[in-house]
Every structure is written in C-alpha cells, then in structure tokens.
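These notes are about the structure you will find just below.
The values are calculated or read from the model by the stated rules, or taken from the named source; none is laboratory data. Owing to the predicted nature of the structure, the values given are computational and were not obtained by experimental measurement. In this analysis, Cβ positions are derived from the backbone assuming ideal geometry, glycine residues included, and neighbour counts consider all displayed protein chains.
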Amino acid sequence: MQTHLRQKPPFDYMDFAQEFLRRNPDYQAQYRNIVSGNKQRATQDETMRMARTWGLEFPRPS
C-alpha cells in the first residue's frame with residue numbers, strides 16, 4: 001500500500017507577507033509600542049498608521 005503525503009499549497013504573496021511581519025522584530029516592537037500601558041488594543045487610527053508604515057492596505061467597509 002502506497003501512502004501519499006498531503007502537500008500544502010505554496011504560500012501566496014499575502015501569506016508570505018503575513019509571515020514576514022509576524023516574525024519581524026521591528027514590526028513586533030512597533031505593535032507593542034502602540035498597545036503599551038494599560039491598553040489592550042490599539043485604536044483604529046494607530047492601527048492604520050502602523051499598517052501604512054509597513055505598506056499594508058485594507059479595504060474600507062462599504
């Protein structure tokens with residue numbers, strides 16, 4: 001009996017970018033900075049500013 005290994009599909013660009021940022025110490029430090037103190041979450045303005053710093057764009061809800 002032959003066993004077939006299930007192969008994962010290759011990363012697409014968005015997956016690659018997400019993994020890069022998730023592991024990037026500068027990105028992690030910037031995120032920690034905007035949620036520092038007693039805040040548990042960053043504000044939407046802070047999040048959007050940070051996203052633009054890293055070249056990320058998010059569609060606006062309609």
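Conditions (1) at pLDDT below 90; (2) part of a loop (DSSP other than H, G, I, E, B); (3) touching a helix residue (DSSP H, G or I) at 6+ places or on another chain (Cβ under 8 Å); (4) of a type outside the set (Ser, Thr, Tyr), marked per residue:
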residue: Lys8; (1), (2), (3), (4): yes, yes, no, yes
residue: Phe11; (1), (2), (3), (4): yes, yes, yes, yes
residue: Ala51; (1), (2), (3), (4): yes, no, no, yes
residue: Gly55; (1), (2), (3), (4): yes, yes, no, yes
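What are the residues in segment 18-47 that are in a loop (DSSP other than H, G, I, E, B) and among the hydrophobic types (A, V, I, L, M, F, W, C), if any? If you could, list the steps in order and put the result at the bottom.
Quick first cut of segment 18-47, residues in a loop (DSSP other than H, G, I, E, B) only: 24, 35-43.
The answer is Val35, Ala42.
List, please: which pairs have Cβ atoms under 6 Å, are six or more places apart or on different chains, and start with a residue in segment 17-42 that is in contact (Cβ under 8 Å) with a residue 24 or more places away in the chain and within 18 Å of Glu57 (Cβ to Cβ) and end with one that is among the hydroxyl-bearing types (Ser, Thr, Tyr) and surrounded by 12 or more Cβ atoms within 10 Å (Cβ to Cβ)?
Leu21/Tyr27
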